Amino acid sequence: MSRVAVVSGGSRGIGAAISKALKAAGYTVAATYAGNDAVAAAFKDATGIAVYKWDVSSFEACSEGLRQVEADLGPVEILVNNAGITKDAALHKMKPEQWYDVINTNLNSLFNMTRPVIEGMRNRGFGRIINISSINGQKGQFGQTNYAAAKSGDIGFSKALAQENANKGITVNVVCPGYIATEMVLAVPPEIIAKNVLPHIPVGRLGEPDEVARCVVFLASDDAGFITGSTLSANGGQHMY
Ligand code: CAA
């Protein structure tokens, strides 16, 4: 039987590319989504990938949702924490909900999603946890104190968890995408992309979701068993860390 992989935020953007790439690599995939029913239904129809709706910022919702996935598909052996949002503003203009929404969805979600499955992975002696951080968690970004704090926190979380589970066959790694051509990045005003982003990408273009997905497929594989606590950057050379 093929291994079960859960991809949070797995029906759109980078997450959709990850879900499809994992399916193509032979995994049984469950893609979670937060709210866009129409897109999730179309994704399911187009790919045959199971979709589940819950809010990754809620521990109860994650526990319940993951229980359902395991009842439907089997034990979760690959967890890709990909779901994320932006609510950009300079800190001096940021509202409390912009801070808390981003921290809850992009950082607290890692606890919420990982805690319910980690004991099973430990008991079975195998697991792959791949957390999608960001170049902006590595270098900071004007207008993203919330997002940079969360994404940086994702890296610390991963390094600590990697140490705790290394002797149980579980690897925990981070992928840090740079600016990838998704709805999230295309929501940034085009003049800011043209003026502040593209000139800083040596490769000279935005990345493609599939270029991130291939990193995840590798880290999920048996071949990557000696890689844990690492951070893999896919950013076109924008930040070398
Ligand atoms: N560096 C330095 N100064 C900057 C700046 C930057 N990157 N961006 C804006 N400023 C300056 C402006 O030049 C301006 O200065 P003056 O007042 O002297 O003219 C001042 O800050 C205010 O700029 P804005 O009028 O743009 O301010 P705003 O409050 O309307 O908007 C903002 C601020 C929302 C942060 C906007 O600049 C923005 O959207 N920036 C893009 C942030 C970004 O890159 N987000 C990434 C989203 S994609 C993502 O997060 C995915 C991923 O993982 C990579």
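Database remark: amide H of Thr86 closer than 5 angstrom to no amide H (H placed geometrically; neighbours at sequence offset of 5 or more, or on other chains; Pro and chain starts carry no H). Residue-wise HN-Hα couplings along segment 217-229, as the Karplus relation 6.51 cos²θ - 1.76 cosθ + 1.60 with θ = phi - 60° gives them from phi, are 4, 5, 5, 7, 7, 4, 4, 9, x, 9, 9, 8, x Hz; Gly and Pro carry x. In the chain, the ratio of gyration radius to Kirkwood radius, Rg to Rh, stands at 0.95 when only Cα atoms are counted.
Ordered from largest to smallest accessible area (heavy atoms of protein chains, 1.4 Å probe), the residues Trp99, Trp54 come out as Trp99, Trp54.
Amide H contacts for Tyr52 (H built 1.01 Å from N in the peptide plane; partners 5 or more residues away or on another chain; cut-off under 5 Å): Ala31, Thr32, Tyr33. Rounded to the nearest 500, the 222 nm mean residue ellipticity of the chain from helices alone is -13500 deg cm²/dmol, with -39,500 (n - 2.57) taken per DSSP H run of at least 4 residues.
Measuring against 21 Å, Cα to Cα, the residue pairs Lys95/Lys195; Lys20/Lys87; Lys23/Lys44; Lys20/Lys53 contain Lys95/Lys195; Lys20/Lys87 as the ones spanning a longer distance. To the nearest 10, the accessible area of Phe157 is 50 Å² with a 1.4 Å probe. Around the amide H of Val76, modelled in the peptide plane, lies no amide H under 5 Å away from a residue 5 or more places distant or on another chain.
In order along segment 113-121, the phi-based Karplus estimate (6.51 cos²θ - 1.76 cosθ + 1.60, θ = phi - 60°) of 3J(HN,Hα) comes to 8, 8, 4, x, 10, 5, 5, x, 4 Hz; Gly and Pro are listed as x. Taking Cα atoms only, the orientation of helix 37-47 departs from the longest principal axis of the chain by about 60 degrees.
With the convex hull constructed from alpha-carbon coordinates only, segment 5-90 shows a mean projected area of 6.0 nm² over all directions. Ligands, DNA and RNA excluded, the heavy atoms of Lys87 present near 80 Å² of accessible surface to a 1.4 Å solvent probe.
Accessible area ranking (1.4 Å probe, heavy atoms, ligands and nucleic acids excluded), largest first, for Glu97, Glu183: Glu183, Glu97. Shown in residue order for segment 197-203 are the 3J(HN,Hα) couplings computed by the Karplus curve 6.51 cos²θ - 1.76 cosθ + 1.60 at θ = phi - 60°: 10, 4, x, 9, 9, x, 5 Hz (x for Gly and Pro).
The values are calculated or read from the model by the stated rules, or taken from the named source; none is laboratory data. Bear in mind that the values here come from a model prediction, so they are computed numbers and not experimental data. Protein only, heavy atoms only, side chains kept; ligands, DNA and RNA dropped before computing areas. Shrake-Rupley method; radii C 1.70, N 1.55, O 1.52, S 1.80 Å.
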